[in-house]
1. In whole angstrom, how far apart do the alpha carbon centroids of region 128-173 and region 182-249 sit?
2. Just order 180-189, 491-500 by mean Cβ neighbour count inside 10 Å, highest at the front, would you?
3. Using 0.36 nm times the number of residues separating Ala198 and Gln504, minus their current alpha carbon distance, what extension gain do you get?
4. How much area per residue is accessible in region 421-537 when the probe is 1.4 Å and only protein heavy atoms are counted (Å²)?
5. Please sort 394-402, 751-759, 246-254 by packing, taking for each peptide the average over its residues of neighbouring beta carbons within 10 angstrom, highest first.
6. Where Lys and Arg each count +1 and Asp and Glu each count -1, what net charge lies around Gly736 among other residues with Cβ under 9 Å from its Cβ?
7. How much net charge surrounds Arg193 when only the other residues with a Cβ under 11 Å from the Cβ of Arg193 are counted, with Lys and Arg +1 and Asp and Glu -1?
8. Once you have the Cα-Cα distance between Thr773 and Ser383, take 0.36 nm times their residue separation minus that, and quote the gain in nm to one decimal.
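The values are calculated or read from the model by the stated rules, or taken from the named source; none is laboratory data. Not measured: the values here are computed from a predicted model. In this analysis, Cβ positions are derived from the backbone assuming ideal geometry, glycine residues included, and neighbour counts consider all displayed protein chains. What goes into the accessible areas is simple: the full protein's heavy atoms, side chains included, and nothing from ligands, DNA or RNA. Shrake-Rupley method; radii C 1.70, N 1.55, O 1.52, S 1.80 Å.
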Amino acid sequence: MSLVGLVLSAPGAWAAPESFGARQSPLALSPEYGEIAFSDPGAGTGTMVVSTREGVEVRLATSPGGDPVGIYRAPGAVEGLAVRGTRAYLFQGVRGITALDLSDPASPVVSASATTPSAVRMGAVLEDGSCVAASDSFVHVFRLGSGGELALAQSVSYGDGRLIRRVRAQGDSILVVASRPGVLARLYVTIYRFPTGATSLTRLHEWISNNKGANDAVWSPPIAFIANGSAGIYTLNTATGVFGATTPFANGLLVRALGLTPSDLFGVGEARSLQRFPRFGALGDSLPIAQTVETLDLEPVAVAADGPYAYVSTRDVIASVDPDEAGRSQIEFPVSSGVPRAPIAPIRSVGRSRRIVIDQGLAYVADYTGGLRIHRAGGADTSLVGVLPPAVNGRTVDLALDAAQSRLYLASGTAGLEVVDVADPAAPQRLGSLVLPGSASAVAILDANNVAVARTGNFGAGVTFVDVSTPTSPVARGSVNSPLVLDPRALAARDTILFVADHQLGLLSIGFGNPDAPATVGIPSGAGARDLDLQGNILLVASRSRGLQVVDVFNPAAPLLRSEVPLPPVLGVTRNGSTAIACLGDEGVAIVDLTSPSSASLRSIVAAAGFPRDAAWVGDSLLIAGGTSVDRFLLAPAIPAPGGLSVTLDPVSALPRAYLAWSVGEVVGQVGWNLYREASPAISGSQPPAGTRINGLLIDPAARSALDSGVVPGAENRYRLEAVFEDGRLLTVAEGSVIVSAEARLGRPYPNPFRSADGGVELPYQTTHAAATVTLTVVDVRGRAIREITASGPASGGFGSIGWDGRDRDGRRVPGGVYYLYMRGGGIDDARAVVHVP
């Protein structure tokens, strides 16, 4: 099939802002646990913070077996975690850093956020609360300001091929452990110092050792323990730089992560293994060789120790491969640490949400490992109504609802096609099933008696047409198989044409005028596709390389490409009127304007938690299926375009200052505004202003104007207005600029008239160049100079102000009347009249 038509070219479209919206309580929540940290390590009684893919859970270490005390749902994936006291830092890849205030463990709130020069996945917290964040080859240090804000102090780049494996902090010191893989493996251990008040790092030591590697490290100065997979655990004295003995891990297995207490080292690794090493020696740097291996319930991801106890986060598998993803995750308590407790299981439900369909106030969710889940979705009540567990060896990947017959069709992996009666949503019942070659990956309803089922697999790929007129005994009819269909992921039908989203071949068409002898029509598009949405004559194609494609199928046999919206790989797509939702996995969801199908455009991005794969509208709520939950967002389908920011020089100000006004309304979930200024040569720029924040505290969300006295002369002062939300999201909503003259000049004296008893009068000015001094001469109406005042001028030109207290050179108050303030210096030679009131 040949797709011909207009293709949009929109460089930089991916830089669109996030959408207005407020995250609501999810329909379901089941964390995929990651790192564990403690607010008061060593006490065994503090707050335990556990990262999940979708955010963090806060639990009390004294009673970890119950439900979490508090939960924070993060926009985007959480890749790393660091905690100190009541402050937690989340490291979120390209989204940067989010700081949480844990003063009230039941209500974690965002206290700050920062963008980072590279995608960060780990970090640490220094004694003064400053943050260290790291990517594969960069270390970024952020100073914690007095107002709680984060400011980048320094970035360190490594260009020698090393990959950072772990960052740890103690006091004001930072340990960075990195390794260079390859034939000649190399280990790098570097220590930096970042004292309170410093603006840059000081490198104290770096040790390089050949034929060593690393995948985790823990540090209790002066001893660091470094895990290196199957090679065991190294010991390094960071005071002397001397490597100690290498201790093998259990049975030569691969060690993944380490946890440390003053008395023990815990290591977890492959084959669900945990090993406890009692530390001995003068510095606690020696480990015994022979130790008992403990077997955990699931595969370990991370281990942390607090007081005498160890806690391990575990999952079904360590490395998930699409579509075989992890379903279970829990926190386990090793017997060897003396904590006789059962594992903490995920809260509420399990699984991976793949597809969501809304009908009559109910949400039908295809859960990869949880089967069919049915929730209420019409209002605030999102409780679970009914569940149909997956078939034996089955995985629920896709569903199609025939509401008229109260019948649901499930594509259930190797279990094939399942027909389900949902007349009673609280008790869905299997009516029949049909095992097919390969693994069922998608299903579409053709009519009341026929469905199409997509199949994946090296030896079973294709599409099968199935007669379901007898739902208890579905019967296969015709099929189209490999190599005409290689990896089908979604189906949509119009008339007698079935559209197939093939992950390798792209969009292809199958004619099924005779379901017993279907055949392909035309040629595939060639751009691998993952999902389809067909409404009327418009077919939306979720492409993995061409973004979102808008296709006209007025003639189903000859689809016409109308436009494309450049996006990262799109996993799922749905439509509501003239608005499309493109699901982008970790990148959130994109809101696309389809008002004109020939010029579809990206409107905004919603930073959804989890891994969005599909979405559906319920009124103003957007339900997003992905990861281990179904999230709810309060979001109007029609997204307003960003407004303008009016910027003028304040006419009532003596000193030049900008008056900024905006008409963007307050939105749900907003906690305030930020304003940023960027000065550039007085020529309009093409890029949005980044700039420096000009407000200290957040501006009240009800405010619609602000003043800026820090304008830069001789430049275009460009401003950006940013909305700040309670969940940490930031949204640029308006931009504007004003050009400030660079001419030397005097401002208006203020106050004028003035009283000497009230403090006198100030005369603002602007110089064109640096001036060592400026001189103000006060002259009365007779032309006599009664006072001369000298002051230091601006170091490099700019704004200043010089005052007169209403007294003469002898210190006497002058009589009431008119006086002239004559000023010289810095390119100024001018005067202003003032009125003195006795």
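1. Their Cα centres are 17 Å away from one another.
2. By packing density, highest mean first, the sequence is 491-500, 180-189.
3. Contour length minus Cα-Cα distance gives 104.8 nm.
4. 39 Å²
5. In decreasing order of mean packing, 394-402, 751-759, 246-254 become 394-402, 246-254, 751-759.
6. +1
7. Numbers: positive: Arg203; negative: Asp172.
That sum, taken over residues with Cβ under 11 Å, equals 0.
8. On the way: separation 390, 0.36 × 390 = 140.40 nm, distance 7.34 nm.
Here the answer is 133.1 nm.
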